[in-house]
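The values are calculated or read from the model by the stated rules, or taken from the named source; none is laboratory data. Computed from a prediction, not measured in an experiment: that's the story for all the values here. Glycine also receives a Cβ, built like all others from the backbone with ideal geometry; neighbour counts cover every protein chain displayed.
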Amino acid sequence: MCSDQMSSAEAQAALATIEKAESETIASLRPPLWLITMISLLSGILTFSLAVTEGENHWALGAWLSGIALVLLVLFTRYSGRLLGIRAPLLPPSGSGKVFLVLQALFFAVVMFVGRWATLWGRPETRLEGDFPIADLPLAPYIAAVIVSVSVAYLTYHYPTNDWTKSGVSK
C-alpha cells in the first residue's frame, strides 16, 4: 500500500527546512554592514542637502554628488551580488512586497517633503546673501536626515529583498 499522505511530523520538518533555506537566502542577499552604513549615510546627506538647497548653491552640489554616489553604491551592490551568482529581482515578486515598497517610497517622500517645507518656513528672516551658515538652519533638515538615514539602514538590513514576510520581519 503506497501512502501519498505526509504525516504532520514530516510536514513540520519540511516547513522547517523551507524556512531555513529562506533565511539563508535572505542572509545571502543582505549587503555587508559597511555598505549598508555608506548607503544610509548618503541617503541622509541627500535628504539634508535637498532640504536646505536654495537654487544653485553648495547644497545643490551636495545633493547631486550624494545622489550620484548613492546610485553607484546601489549598482555596485547589485553587480557584486550578480558576480556571486545571486540574481535578485528588481521588484519583489509578491503583491505584499510591492505594497511594502510603495509604502517605503511614500514614507521617504513625505519625510523629505516635510523636511524641506519645515526648513523653508523655519528660516530666520535676516540672512547674509551668499553665506550658508549651518547654525542658521532650523532643526528640520537634521531631523529629516536622521530619520531617512536610520530608516534606510533598518530596512536594508532587515528587508534586503523588500518583501514583507508572514512573521513581519525577515529572518
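So here's what we get for this one:
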{"item": "The listed residue being of a type outside the set (A, V, I, L, M, F, W, C), modelled with pLDDT of 80 or more and outside any helix (DSSP H, G or I), out of Pro92, Pro31", "result": "Pro31"}
{"item": "Scan of the range 52-77 for residues that are of a type in the set (A, V, I, L, M) and in contact (Cβ under 8 Å) with a residue 40 or more places away in the chain, ordered by number", "result": "Val52"}
{"item": "Single residue of the range 78-88 satisfying the filter (of a type outside the set (Phe, Trp, Tyr) and over 12 Å from Leu35 (Cα atoms)) that is surrounded by the most Cβ atoms within 10 Å (Cβ to Cβ)", "result": "Gly81"}
{"item": "Candidates Ser23, Ser49, filtered to the one that is of a type in the set (S, T, N, Q), touching a residue at least 12 places away in the same chain (Cβ under 8 Å), within 15 Å of Ser149 (Cβ to Cβ) and in a helix (DSSP H, G or I)", "result": "Ser49"}
{"item": "Boolean, Leu75 is loosely packed, with under 11 Cβ neighbours inside 10 Å and assigned to a helix (DSSP H, G or I)", "result": "yes"}
